[in-house]
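One structure is given below, encoded as structure tokens.
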Amino acid sequence: AEGLQAALKKIDHDGIPKIHDCAELNDRHCLFMDAVQGESLSEYFANHAQPGERGIGVEDVTLMMARLLGLLGYAHAQGVDHRDMDTDLIFIKPDGSIKILGMGVKATLGRDLFESIVSASVCPLVSNEAPARLNSFDVMSPEYRRGIVEDPRVDIYATGYIAYWLLTGLKVDQSNYQTPSELVQDLPQGWDALIEKALKRNSEDRYQTCKNV
């Protein structure tokens, strides 16, 4: 916990809950942090979208992604990334602002301890064509899957994937990729270019910073 608190100490942002302690309970490592108000992005999606038919409106997605990228960009500038985002770890507060749980956790605690903590909180995985949530494996970048050293561009891939899901209501199918504008009527085609670049297999071909996105 001390290492994690030290990593997050220089971050002073309402969107990143403070970590207060780490303890072992019933053979599980637990993190104690600030309480989070609002609903998870999974819940927000369930309340505002029709999975398998469409996502949430483009204006909502635009504002949400701007806030998410702004928060991630701030953290990246402080040397802290996420590496394991899913839609149960992103919270939408009543005023529309965003909080992200888990910033810096994986890099600080290491994979084994990190997975010990996360495995206790992750919802059961359900595979279907109309996903009500995205888990961390869904949004995992190609280099991450291959075990290559991770960096903040993993988070940029994840945001591109989340944007695709929010717009279309579907997961990305890389083997038979359809652009968002093919799936969503009257969607500005700028989204196609943005998401395609964020989802590039080679991290060097992606946006290099959240500000660029």
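The values are calculated or read from the model by the stated rules, or taken from the named source; none is laboratory data. This structure is a prediction, so every number in the text was calculated from the model and none was measured. Heads up, the Cβs are rebuilt from the backbone with ideal geometry, glycines too, and the neighbour counts pull from every protein chain shown. Accessible surface is based on the protein model in full, side chains and every heavy atom, while ligands, DNA and RNA are left aside. Shrake-Rupley method; radii C 1.70, N 1.55, O 1.52, S 1.80 Å.
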Solvent-accessible heavy-atom area per residue, rounded to whole Å², over the stretch 153-198 at 1.4 Å: 41
Near-label residues of the stretch 167-190 by backbone N, under 18 Å of a point 7 Å along Cα→Cβ of Thr62: 167-168, 180-182, 184-190
Gain in span if fully extended, Asp27 to Ala77, counting 0.36 nm per residue against the direct Cα distance: 14.5 nm
Global geometry of the stretch 10-89, whether rounded, prolate or oblate, following the gyration tensor of its Cα atoms and the 1.5 cut on a/c: oblate
Packing rank of 157-167, 179-189, 17-27, where each peptide gets the mean count of other beta carbons within 10 Å, highest leading: 157-167, 179-189, 17-27
Relative contact order (percent, whole number), the stretch 54-104, Cα cutoff 8 Å, 6+ residue spacing: 32
Accessible area of Asp84 in the full protein assembly, 1.4 Å probe (Å², nearest 10): 10
Inter-site label distance for Tyr177 and Arg201 at 7 Å from Cα along Cβ, in nm: 0.9
Angstrom value of the Kirkwood radius, inverse mean 1/r, which spans all Cα pairs in the stretch 126-203: 13.0
